[in-house]
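The values are calculated or read from the model by the stated rules, or taken from the named source; none is laboratory data. Fair warning: this is a prediction, and the values are worked out from it, not measured in the lab. Note that we place each Cβ from the backbone using ideal geometry, even for glycine, and neighbour counts take in every protein chain shown. These accessible areas exclude ligands, DNA and RNA; they are computed on the full protein's heavy atoms, side chains included. Shrake-Rupley method; radii C 1.70, N 1.55, O 1.52, S 1.80 Å.
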Amino acid sequence: MSMKNNKVVLAFSGGLDTSFCAIHLKEKGMEVHALTINTGGFNPEDVKRLEKHAKALGVKSFKCVDVTKDYYEKILKYLIFGNVLKNNTYPLSVSAERVSQAVATAEYAKEIGATYVAHGSTGAGNDQVRFDMIFNILLPGVQIITPIRDMKLSRETEINFLKKHGIKMDFEKAKYSINKGLWGTSVGGKETLTSHLPLPEDAWPTKVTATRNDHITLVFKKGELKGINDKTFKHPVDAIQKLTEIAAPFGIGRDIHVGDTIIGIKGRVGFEAAAPVLIIKAHHALEKHVLTKWQIYWKDNLSAWYGNWLHEGQFLDPAMRDIEAFLQSTQQFVNGKAHIELSPYRFMIEGIESAHDLMSAKYGSYGEMNNAWTGEDVKGFTKIFGNQAAIYYQVNNIEIEGNHGN
């Protein structure tokens with residue numbers, strides 16, 4: 001890669017931060033190539049609007065690359081297999097897609113021989129680490145430029161700068177940082193900078209319009225969502241998009257995530273992720289029926305680690321490929337249907353159907369009767385199962401003393 005040009009690839013979302021960066025970098029004498037990476041949040045009309053906006057900012061070129069299916073195949077599929085919800089809440093709506101965006105930006109920088117890459121991350125969040133780390137790994141020697149972070153700019157300062165340069169944007173909307181992708185939409189604003197304030201209704205991108213209950217059936221094959229009700233989809237991405245269309249108007253998947261940032265401070269962000277939450281909960285319910293106790297145990301442990309490492313931008317760590325191989329292996333018999341009731345602001349997994357259901361009445365009904373063993377079998381089993389503990393208590397002459405109010 002040539003190191004003698006002033007080309008900079010700007011990871012461009014078209015929001016407040018990257019709009020500021022485009023003008024600022026041009027004023028610094030740089031040749032700005034704006035790159036929008038579509039992870040499922042932009043339709044063709046959005047892309048046209050972004051291109052028009054980028055050109056108004058004075059960039060040398062604009063390009064949009066659609067990595068939605070690649071994003072699913074390399075990342076989202078494993079988040080579903082692992083039932084990953086960070087802090088039991090957040091489906092990694094933004095953190096997962098930042099990895100795809102950073103890798104795509106690095107590849108484009110190589111393609112056009114850029115000397116610099118730039119992003120609009122602040123100095124207080126996770127994205128700065130995710131982008132920088134992946135650029136450092138994939139683009140050794142290329143300089144990373146981060147105007148918002150380096151200049152410690154407030155959103156008000158950026159708005160005033162853009163207004164001064166005659167840029168027309170919905171600055172009222174820009175008061176909220178909204179990031180939309182296939183795996184959900186994040187919403188950050190003044191309320192999420194506090195520990196107690198909820199987001200106002202008008203801050204949520206999708207309005208709640210559903211007024212009555214509905215029922216849907218999600219169909220899984222080897223852990224992947226392949227159908228909704230009676231419709232089969234060519235690719236899980238299409239099924240995810242359709243499920244979002246169905247469930248988002250119920251207000252399902254809205255929440256506020258509180259977690260530890262990579263840099264060691266607490267962070268708070270709102271999100272709406274109807275399809276991810278329903279898919280993960282339905283998939284988890286199906287797994288509880290078809291996997292063994294120890295498959296579930298090790299999946300829980302490895303999946304939590306996988307989700308956290310991905311959240312912290314460590315997607316390129318080879319250990320991630322090893323865990324993905326394990327997760328893929330566990331999905332062989334995760335086939336079947338999950339039935340869900342949708343209501344405004346809530347849902348309930350009603351039950352599952354699967355040919356691989358281990359809760360088969362052929363072997364017994366929990367709490368009622370057994371068909372595959374006798375009472376004598378259980379007596380012998382329990383004696384052996386507790387044998388080591390019994391030996392421990394006898395050898396050490398230990399007695400369990402009850403608490404009699406002392």
Report which label in (i) 23; (ii) 17; (iii) 34 holds the value of percent of Cα pairs over 37 Å apart derived from the coordinates of this structure. (iii)
Would you work out what percent of the accessible area of the chain, with all protein chains in place, is carbon or sulfur (probe 1.4 Å)? 53 percent
Report the label-to-label distance for LYS337 and THR261 in nanometres (one decimal), using points 7 Å from each Cα along the Cα→Cβ vector. 4.7 nm
Hey, if you put +1 on the Cβ of every Lys and Arg and -1 on every Asp and Glu Cβ in the chain, which of LEU162, SER95, TYR78 ends up farthest toward the positive end of that dipole? LEU162
Residue-by-residue Karplus 3J(HN,Hα) for the range 111-124, coefficients 6.51, -1.76, 1.60, Hz, glycine and proline x: 4, 9, x, 6, 7, 10, 10, 9, 9, x, 5, 7, x, 10
For the range 1-62 and the range 172-230, what is the centre-to-centre distance using only Cα atoms, to the nearest Å? 27 Å
Rank GLN331, GLN388, GLN314 by mean-square fluctuation in a GNM of the chain with C-alpha springs under 10 angstrom and give only the top-ranked residue. GLN388
Positive-end extreme of charge dipole, the range 221-331 - chosen from LEU327, ILE252, VAL269 (charges on Cβ): ILE252
Would you mind calculating the gained length between GLN388 and ASN87 on full extension (0.36 nm times residue separation, minus the Cα-Cα distance), in nm to one decimal? 104.7 nm
Indicate the gyration tensor shape class of the range 205-287 (rounded, prolate or oblate), computed on the Cα atoms with a ≥ b ≥ c the square roots of the eigenvalues: a/c under 1.5 is rounded; otherwise a/b larger than b/c is prolate and the rest oblate. oblate
Choice from GLU312, GLU324, GLU376 showing the highest fluctuation, given a GNM over the chain with Cα pairs closer than 10 Å: GLU376
Which of ILE384, ILE240, ILE23 moves most in a GNM of the chain, Cα contacts under 10 Å? ILE384
Per-residue HN-Hα couplings for the range 81-86 [Karplus 6.51, -1.76, 1.60; θ = phi - 60°; Hz; x = Gly/Pro]: 4, x, 6, 7, 10, 5
Inter-part distance where the range 252-266 and the range 315-333 are each reduced to a Cα centre, Å: 25 Å
Row for the range 107-168, column shape: gyration tensor on C-alpha, a ≥ b ≥ c, rounded if a/c < 1.5 i.e. under 1.5, prolate if a/b over b/c, else oblate; value oblate
Taking every alpha carbon pair in the range 3-84, what does the distance histogram look like in 5 angstrom bins from 0, in percent? 3, 14, 23, 18, 13, 11, 9, 5, 2, 0
If you line up the long axis of helix 127-138 against the longest principal axis of the chain, both from Cα atoms, how many degrees apart are they, to the nearest 10? 80 degrees
HN-Hα J couplings of the range 376-392 from phi, Karplus 6.51/-1.76/1.60, θ = phi - 60°, integer Hz, Gly and Pro as x? 5, 4, 5, 4, x, 4, 5, 5, 6, 4, x, 4, 5, 4, 4, 4, 4
